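Structure record follows, encoded as structure tokens.
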Amino acid sequence: MTGRGGRTFNFIRGGGGGKQNNLYADRGNEYDRRNDGSNRNELNFTSNRNRSIRRVPRNFIQHRLDEDVSMDGEQQRHPFNRGRGRGNPLRGSQQRRGFNNRRGRPDSQSQHAFGPGWHRIIITNGSQYDRDFILNTIASLSRTPYQPIAYSVLGPNSVFFVESRPAAEAIAACSTKFSGPDSHPIILRVDSYGAPPTAPMIGPVEDRLKATLTRRYDASGPVLDLSNFPGSPDLVLDFYVPLFRPSVVMKIFTLLSDVLNSLLVLDISNNRLTSLDAFQKLTTLTPNLKALNVGNNKLREIYPLDRIKGLPLVEINLEQNSLCEKFPNRDDYIRSIQYLLFEIFNFQPT
């Protein structure tokens with residue numbers, strides 16, 4: 001059988017004919033010492049999957065036992081152990097730790113795990129310390145600036161989130177480098193995580209949303225600025241409210257139901273949007289919308305724009321989205337957009 005790269009793999013199946021050198025296959029998990037005239041100094045091990053395992057000569061096992069540790073307690077090195085030392089496996093374990101860390105698994109010594117994106121920061125016994133004290137102290141020690149997101153208390157600990165690995169690594173380096181008012185070192189633990197949990201759209205979250213939307217709505221336009229909405233100063237430290245969550249967008253539409261009908265300009269740029277599914281109701285809620293800014297998001301294909309097809313737009317901004325790179329020239333880009341979003345006359349293409 002030929003595998004990847006032209007390599008040839010030969011499979012040996014137990015129970016079949018043909019010559020098998022020093023291999024013995026049989027069913028059942030058993031230890032079988034043959035009495036049919038074969039060498040009694042050989043131990044035969046078989047597996048329940050009919051796999052063949054090499055016979056191990058008894059004298060080889062005894063040789064290993066005899067020479068493993070001498071009578072004076074000095075360890076002996078066997079030929080196959082040359083070059084690494086039996087009691088010093090650091091080189092191999094360090095390589096494994098490095099591999100696991102790249103895969104987002106915890107480091108066996110530091111208990112940190114790093115991945116490519118979001119990370120959760122756990123402050124051990126952080127519930128007994130003031131939030132501003134914790135965040136300001138870490139910020140002063142960190143070599144990389146960062147934005148803490150969704151700080152909360154979970155039992156005796158407190159947690160917050162950051163969006164990048166460099167920030168997470170810088171925060172991890174601050175562990176035990178500062179103490180609380182009680183002089184106990186503060187221990188931080190960092191692990192790779194998905195996006196923070198979305199805050200429920202009730203109670204204090206709803207009240208904070210109202211205050212934020214009041215500042216982001218300009219009635220003179222009328223213009224609604226929802227750019228980088230999760231990073232709103234009134235929200236970011238306590239709640240995570242991303243616009244790619246339909247529950248967040250629908251709550252915003254509900255709170256602004258009185259003004260959406262007259263809205264002319266909407267800015268939803270810089271929100272990590274991979275689709276516009278959550279904004280599908282714009283076609284009915286904003287019948288007078290003329291300008292839409294969807295720049296600096298993560299739209300990779302053109303078909304998500306079909307969700308807002310029918311809006312009476314005269315201007316749309318799609319710059320800094322991957323979909324713009326898929327067109328060989330400006331004419332193909334404009335023609336494809338016009339096919340989906342009819343009545344668009346003014347573009348700001350990249």
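The values are calculated or read from the model by the stated rules, or taken from the named source; none is laboratory data. Keep in mind it's a predicted model, so treat the numbers as computed, not measured. Every residue, glycine as well, gets a Cβ built from its backbone with ideal geometry; the counts of neighbours run over all protein chains shown. We work out accessible area using only protein heavy atoms, side chains counted, and drop any ligands, DNA or RNA first. Shrake-Rupley method; radii C 1.70, N 1.55, O 1.52, S 1.80 Å.
Between the stretch 198-274 and the stretch 279-300, what is the separation of their alpha carbon centroids in Å?
14
Just to verify a number: FRET efficiency for Ser140 and Gln111, C-beta to C-beta distance, R0 = 22 Å, to 0.05? If you can, show how the numbers build up before the last one.
Numbers: r = 23 Å, r/R0 = 1.06.
Step by step, r from the Cβ atoms, then E = 0.40.
Around Ser142, what is the net charge, scoring Lys/Arg as +1 and Asp/Glu as -1 over all other residues with Cβ under 13 Å from its Cβ?
+1
So if I take the alpha carbon set of the stretch 252-294, get Rg, then get Rh from the Kirkwood formula, what is the Rg over Rh ratio?
Working: Rg = 10.4 Å, Rh = 11.0 Å.
With Rh from the inverse mean 1/r over Cα pairs, Rg/Rh is 0.94.
Need the full-extension length gain, Asn157 to Lys210, defined as separation in residues times 0.36 nm minus the C-alpha distance. One decimal, nm.
Details: separation 53, 0.36 × 53 = 19.08 nm, distance 2.99 nm.
Residue separation times 0.36 nm, minus the Cα-Cα distance, leaves 16.1 nm.
Just add up the charged neighbours of Lys326: K/R +1, D/E -1, any other residue whose Cβ is under 10 Å from the Cβ of Lys326.
Net charge in that neighbourhood comes out at -2.
Past the 22 Å Cα-Cα mark, which pairs from Lys251/Lys281; Lys290/Lys326; Lys210/Lys309; Lys251/Lys326?
On the way: Lys251/Lys281 12 Å; Lys290/Lys326 26 Å; Lys210/Lys309 29 Å; Lys251/Lys326 34 Å.
Pairs exceeding 22 Å: Lys290/Lys326; Lys210/Lys309; Lys251/Lys326.
Along the charge dipole of the stretch 191-264, which of Gly194, Val236, Val249 sits closest to the positive end, that is, farthest toward it, with unit charges on the beta carbon of Lys, Arg, Asp and Glu (+1, +1, -1, -1)?
The Cα lying farthest towards the positive end belongs to Val249.
Measuring from the lowest to the highest alpha carbon on each principal axis, how far does the stretch 277-323 reach, largest first, in angstroms?
Between the extreme Cα coordinates on each principal axis of the stretch 277-323 lie 28, 19, 13 Å.
Under a point-charge model restricted to the Cβ atoms of Lys and Arg (+1) and Asp and Glu (-1), what is the dipole moment magnitude of the stretch 249-298 relative to its Cα centre, in debye to the nearest 20?
On the way: 5 positive and 3 negative charges, 26 e Å.
That gives a dipole near 120 debye.
Express the carbon and sulfur contribution to the solvent-accessible surface of the stretch 107-165 as a percent, rounded to the nearest whole number, probe 1.4 angstrom. Let's see the in-between values first.
Details: 1430 of 2860 Å².
Of all accessible area on the stretch 107-165, carbon and sulfur atoms account for 50 percent.
When the scattering of the stretch 177-325 is computed by the Debye formula from its Cα atoms alone, each counted once and equally, what is log10 I(q)/I(0) at q = 0.10, 0.14, 0.21, 0.22 Å⁻¹?
-0.41, -0.71, -1.43, -1.54
Express the carbon and sulfur contribution to the solvent-accessible surface of the stretch 204-350 as a percent, rounded to the nearest whole number, probe 1.4 angstrom.
Values: 3460 of 7300 Å².
That fraction is 47 percent.
Determine the dipole magnitude for the stretch 263-337: charges of +1 sit on the beta-carbon of Lys and Arg, -1 on that of Asp and Glu, nothing else is charged, the reference point is the Cα centre, and the result goes in debye to the nearest 20.
160
What size of dipole, in debye to the nearest 20, comes out for the stretch 109-256 about its Cα centre when the only charges are +1 on Lys and Arg C-beta atoms and -1 on Asp and Glu C-beta atoms?
Values: 12 positive and 12 negative charges, 44 e Å.
With Lys and Arg at +1 and Asp and Glu at -1, about 220 debye.
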